[in-house]
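Worksheet: the structure to be examined is printed underneath.
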Amino acid sequence: MKKKRDPQSHLRQYILTGAALGLYFGWFFRPLREPSLWTIVGLALTVTIVMTLLRVRRGEREELLQYAGGTFVRYAVGIAILELRHPVFDWGGRIAVTVMTTACGALFGYWMARKE
């Protein structure tokens, strides 16, 4: 029998995980290239295709288009935040990038927890 998880604990776990990932992605960021819209679209599209194919393989075929659209939007937003590190780094350096990615990671974690 599965133990039911506390919703607040579940939410807190996602927020803290998102913030920790954001802290990591901000603190160790070094700009090596220019930000690219094509990177956002290409990576989000790749993730969407893989996630949708995995869902089809599991036999979950209902509302596939809606699932794919939501997946694309969620991951495109996440990747766009990572691309936003470039101008934020130019504006405020490592500290500004770290603060921005930590806050965005926590918000993204909250958003993902609400989707579950």
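Rule-based calculations on the coordinates, nothing more; no lab input. Just so you know, these numbers come straight off a predicted model, no measurement behind them. Because the Cβ atoms are built from the backbone with ideal geometry, glycine has one as well, and the counts that use them run over all protein chains shown.
Overview of values
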quantity	calculated
Estimated FRET transfer efficiency when R0 is 22 angstrom, pair S9-R114 (beta carbons, to 0.05)	0.90
Net charge of Cβ neighbours under 15 Å - reference T39; Lys, Arg +1; Asp, Glu -1	0
At R0 = 35 Å, FRET efficiency that the Cβ-Cβ distance of L54 and V99 yields, to 0.05	0.50
Region 67-114: C-alpha gyration tensor shape, a/c 1.5 cut-off, then a/b vs b/c	oblate
Taking only Cα atoms of region 11-97, radius of gyration then Dmax in Å	15.7, 48
Within the chain, helix-based [θ] at 222 nm, where runs of 4 or more DSSP H residues each add -39,500 (n - 2.57), nearest 500	-28000 deg cm²/dmol
14 Å beta-carbon shell around L54, net charge (K/R +1, D/E -1)	+3
Coil-residue trypsin sites (Lys or Arg not before Pro) of region 47-98, DSSP, other Cβ within 10 Å capped at 14	R58, R61
